[in-house]
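Heads up, the thing below is written out as structure tokens.
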Amino acid sequence: MLFRLVTGLCLLCASLNAQTSDNSVIIVGAGLSGYSAARRLLENGFNEITILESSGRIGGRIYSVPLSNGMVDSGAQWVHGQVGNSIYQLVSPHFSFGSTPVDLHYPIFVISNGTTPQQRNFQSLYSLGYTVLANISTIRLPRGSLGDLFVTNFDEAIAGPLYRHIDVATQDFIREEIHKETNGYYGTSSWFDISARLNFLSEFADGDQYLTWKRQGFITVFDYITRRAPNPSENLNIDSRVIFNKKVTNIRYNTNDPASRSTVTCSDGSTYTARHVIFTGSLGVLKKYHETMFTPALPTRKVSSIRNIAFGNVAKFFMEFDNNFWQTPGTTFLKYLFMWTDFHKNQAIATNREWMTDIAGIYAVDQYPNLLQIFFGGGNTQMFELASDETVINDVLWMLDMFLPHLRPIPRPRAVHKTKWLTNDNFLGSYSYPSMDQERSLSTIAELASSIRATNNMPMVLFAGEATSSEFPSMAHGALDSGYRAADEIVSFYG
Ligand SMILES: Cc1cc2nc3c(=O)[nH]c(=O)nc-3n(C[C@H](O)[C@H](O)[C@H](O)COP(=O)(O)OP(=O)(O)OC[C@H]3O[C@@H](n4cnc5c(N)ncnc54)[C@H](O)[C@@H]3O)c2cc1C
Ligand SMILES: *[C@@H]1O[C@H](CO)[C@@H](O)[C@H](O)[C@H]1NC(C)=O
Ligand SMILES: *[C@@H]1O[C@H](CO)[C@@H](O)[C@H](O)[C@H]1NC(C)=O
């Protein structure tokens, strides 16, 4: 009886398949999530896959560029965590990661008037600040923004007997410093825009938060996603599926006709059709283009999630020097943190260098003795992106000369790399963050991630990418997981 039922069902499958054996997929975007979706589909026998990529390279927000005889990362740089981190799990059996514990080690605090203050008070308030931040992240249903909660809890903590002797100027510096570092981490303009509650809802992969790819760059992860490593004979050849310089401008779909193919149109007028389309462009791209990108328009709930989930920007500047002139014997330098006096801050603003006041400090780069890097968020990253390399070099030299007079003369870097994410039309920012608008509007990541389904429940237009990961939004491993999730939706429809 069971046997007959099964054969009966399979006959039904066969007839359905005869009608709809088309299981073609177009993936928009050759970043992490596009590649992980392609991998999962190919592993499940879906061979009619095309990846349309707007730029001339794979990787998207993974972008390793040559510098100092190695590769440095313009986009994702660190593997954040180990437990439950799909990138760590995929790669760590075959590759030994490096580490930069940038948040743990004591930095050196310097002031823009060229003085190096007594470090003890700065360091103790700084580490207290990070304890407060960590404590906030364990509150189950916090109210308000991360910034509000920080200020309240920090001010309460520094009133205690261990700290109350520390002067107000030092307290102000540290509050501002941790605010800047937080903006650099989330890509925000202000921590008063980060929802503490939504931040609590996303997961945190335990373990080392600053694993590095040593001198190889994050692009190495694609060797493992495509399976050309560790065993080249298992290569899925995903690269051969990518068509470059195809900027998708419209996706036309008809949910009333499940057998129909969707039509994907590119800016050069070319069109491609497939039964399923997985869109992986960034949330920044969706915010700017969703109205013209999808025909018919996306459902209202999804549009509201596109509007209310926020997309920030971070900027980086790598500098290669002839030698590590900043290294003093006997110490392992990790970072200098910069405290601006009002006088110098105003001077920076008056001379078109406002973005510099968002810089928390300058950092060493794991495995690169002659590199320094700046990493910052804040509201002025566009100004930085639009400035020329030459202008930025001169500005940074001005800043280093001011903060680090003991290292004068500051040499010119021999080579630099400057990021450009906000003003690149393929990204329009760096990554998503949990905003107060999202909290107030009750918009969810699940709505952003949800597929548009045909009347027979077939997923027709699917969404993947960092911002669609409820567990690890913003993170590279969240992007990887999201591509698998979208592919699994398609696979299970046929399953
Ligand atoms: C500066 C920076 C630092 C970061 N640091 C870290 C870090 O240290 N650790 C970490 O885990 N994560 C980090 N991230 C986040 C991580 O890089 C991303 O989460 C991840 O790479 C996103 O992958 P994705 O597939 O979602 O999107 P993307 O990588 O953006 O892929 C989407 C692709 O779609 C293409 N595309 C866009 N529009 C179109 C169109 N209309 N038609 C065709 N193609 C299109 C784009 O060119 C891109 O290749 C960082 C990101 C940035 C920008
Ligand atoms: C530099 O600034 C700090 C903090 O405002 C101040 O305490 C110190 O006296 C200043 N030093 C000089 C030399 O101006
Ligand atoms: C952080 O939380 C721990 C454990 O709950 C507590 O003992 C400590 O006092 C808190 N510290 C601060 C600065 O809030």
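The values are calculated or read from the model by the stated rules, or taken from the named source; none is laboratory data. Small disclaimer: the values here were computed from a predicted structure and weren't measured. Virtual Cβ from ideal backbone geometry, glycine too; neighbours counted across all protein chains shown.
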Next on the checklist: Being crowded, with 19+ Cβ neighbours inside 10 Å and not in a loop (DSSP other than H, G, I, E, B) is the filter here; which residues of the stretch 225-240 pass it?
Outcome noted: Ile225, Ile238
Item to check | Residue among Lys287, Lys345 that is at pLDDT 95 or above, assigned by TED's automatic domain parsing to the domain that holds Ala486, surrounded by fewer than 19 Cβ atoms within 10 Å (Cβ to Cβ) and not in a loop (DSSP other than H, G, I, E, B) | outcome: Lys287
Checklist entry - Checking Tyr253 against (1) more than 20 Å from Tyr431 (Cα to Cα); (2) surrounded by fewer than 19 Cβ atoms within 10 Å (Cβ to Cβ), which test does it fail? => result (2)
Item to check | Residue match in the stretch 422-433 (condition: more than 23 Å from Ile225 (Cβ to Cβ) and in a helix (DSSP H, G or I)) | outcome: no
Checklist outcome for this item: When every residue in the stretch 111-147 that is part of a loop (DSSP other than H, G, I, E, B) and either within 16 Å of ligand 2 (Cβ to nearest atom) or of a type in the set (Phe, Trp, Tyr) (or both) is compared, the one surrounded by the most Cβ atoms within 10 Å (Cβ to Cβ) is Ser112
Next on the checklist: Quick check on the stretch 49-60. Is at least one of its residues away from ligand 1 (no atom under 11 Å from the Cβ), outside any loop (DSSP other than H, G, I, E, B), in contact with a strand residue (DSSP E or B) (Cβ under 8 Å, 6 or more places away or on another chain) and modelled with pLDDT of 95 or more?
Outcome noted: yes
Checklist entry - Does any residue in the stretch 142-155 that is in contact (Cβ under 8 Å) with a residue 24 or more places away in the chain come within less than 7 Å, Cβ to Cβ, of a residue that is part of a loop (DSSP other than H, G, I, E, B) six or more places away or on a different chain, and which pairs are these? => result Gly147/Ser190; Leu149/Pro142
Checklist entry - List the pairs whose first member sits in the stretch 30-48 and is touching a residue at least 60 places away in the same chain (Cβ under 8 Å), whose second member is among the aromatic types (Phe, Trp, Tyr), and whose Cβ atoms are under 6 Å apart, counting only residues at least 6 apart or on separate chains? => result Ser36/Tyr484; Arg40/Tyr484
Checklist entry - Mind checking whether some residue in the stretch 238-246 is among the charged types (D, E, K, R), away from ligand 3 (no atom under 16 Å from the Cβ) and touching a Leu at 6+ places or on another chain (Cβ under 8 Å)? => result yes
Checklist entry - Out of Ser430, Ser474, which single residue is surrounded by 20 or more Cβ atoms within 10 Å (Cβ to Cβ), assigned by TED's automatic domain parsing to the domain that holds Ile26 and among the hydroxyl-bearing types (Ser, Thr, Tyr)? => result Ser474
